[in-house]
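Reading through the structure tokens given below for one structure.
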Amino acid sequence: MKAVRCHQWGSPDVLAVEDVDTRAPGPGEVRIRVEASAVNFTDTLIVAGKYQFKPKLPHIPGHELSGTVIEIGDGVTTCQVGDRVMASARHGGGFAEEYVGAAERIYRIPDNMSFEAASGFIIGYGTAYFALTYRGQLQPGETLLVNGAAGGAGLAAIQIAKALGARVIACASTPDKVALAAAYGADCCINYTSESVRDRAKEFTEGRGVDVVFDPVGGSAFEEAMRTVGWHARMLIVGFASGTWQQIPANIVLVKNISVMSSLWGGESERDPDFARTVLNGALALYRDGRLKALPGKTYALKDAPDALRDMMNRKVLGKSVVLPRA
């Protein structure tokens, strides 16, 4: 089969498409013909050797994918040959024509979901659903502020928050990103490069402040968001796409009784696959009911995977980029 491989840590230039041997699934594993593989910020960090763990080289990037089951190993009962599925490839392997992985991390795709949409569902929608329902405890009528609102997780958070009955303030950096957030349901959209996030958020909440913050960005975006929160607000640290970790001023946390908490969906799903399935089934139910829609995004051929990672690093991505191994 063809696969994108990384033989040394560095820029996307180190990636190359190569012929790789396929293997039969072992006990509890499933072999999938890959139709689409989503591109995530994590992929850029791993290829650069800057992520919290370094997989063994050579490494195939791609941490979530979709396709058709073509073979199952002993003991697999959750899917069968011919099923349309999505898979969480926690340690990579998605940028390839085939993937073999644990059945416990493979989910059937709803009939109304395309392969492209499914390939980016587990991380984007799983992250947002876990953060807002289990960690942030977002309630109907509350106000959520979303940083990085035009990214995959940000757009997912907007839709899930609306499905939960909350109001949404979306923060993004360009007019086209602001327009995209509005198209996906945000009630108030702020271009943080030209507007005051604090002033607009205070105006929208009539001075009460924001109840929950969903922040996959970090850096100055987190600092600005903290200026918008009200009493008993919950701030969710989801990631740091800006490259700068969130810095938490304890004085502001104290005087407003704010809760600042992590929301690491990938780590949670790794530790407890059964719980992860419960979380994801909740998000999938919303999709089946038509309350969530597919994320927009550019598609890339397998040979263009380095370009997909470069665009991610240069913040040119709207929604969710997808690599199509058979394009």
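Structural remarks
- Exposed-site-free run, longest, the chain (rule: chymotrypsin sites (Phe, Trp or Tyr not before Pro); DSSP loop; at most 12 other C-beta within 10 Å): 54-244
- Take every Cα pair under 8 Å whose residues are at least 6 apart in sequence, average their separation, divide by the length of the chain, and the relative contact order is 18 percent.
- Those trypsin sites (Lys or Arg not before Pro) in the stretch 65-119 that DSSP places in a loop and that have at most 11 other beta carbons within 10 Å: none
- Exceeding the 27 Å Cα-Cα cut-off - candidates 54/177; 54/320; 202/293; 202/256; 256/320: 54/177; 202/293; 256/320
- Cβ-based charge dipole, the stretch 137-294, positive-most Cα from 228, 141, 160: 141
- Each Lys and Arg adds +1 at its Cβ and each Asp and Glu adds -1 at its Cβ; summed about the Cα centre, the chain shows a dipole of about 420 debye.
- Of 323, 266, 178, farthest towards positive along the dipole that unit charges on Lys, Arg, Asp, Glu beta carbons give the chain: 178
- Share of carbon and sulfur in the accessible heavy-atom surface of the chain [1.4 Å probe, %]: 49
- Helical content of the chain, expressed as a calculated mean residue ellipticity at 222 nm, amounts to -8500 deg cm²/dmol (DSSP H runs of 4 or more residues, -39,500 (n - 2.57) each, divided by residue number, nearest 500).
- Label point 7 Å beyond Cα of residue 54 along Cβ direction - residues of the stretch 1-40 with amide nitrogen under 14 Å: 7-11
- Extension gain for residue 33 to residue 250 (0.36 nm times residue separation, less C-alpha to C-alpha distance): 73.2 nm.
- Sparse packing (at most 10 other Cβ atoms within 10 Å of the Cβ) combined with a DSSP loop state is found for the following GluC sites (Glu not before Pro) in the stretch 205-237: 206.
- Amide H within-cut-off set for residue 29, under 5 Å, with H built and near neighbours excluded: 73, 74, 103
- Per residue, the accessible area of the stretch 1-146 comes to 40 Å², computed with a 1.4 Å probe over protein heavy atoms only.
- Sparse-neighbour loop sites [trypsin sites (Lys or Arg not before Pro); the stretch 1-54; at most 13 other C-beta within 10 Å; DSSP]: 23, 50
The values are calculated or read from the model by the stated rules, or taken from the named source; none is laboratory data. These figures come from a predicted structure and were not determined experimentally. Because the Cβ atoms are built from the backbone with ideal geometry, glycine has one as well, and the counts that use them run over all protein chains shown. Just the protein is used for accessible areas: all its heavy atoms, side chains included, with ligands, DNA and RNA removed. Shrake-Rupley method; radii C 1.70, N 1.55, O 1.52, S 1.80 Å.
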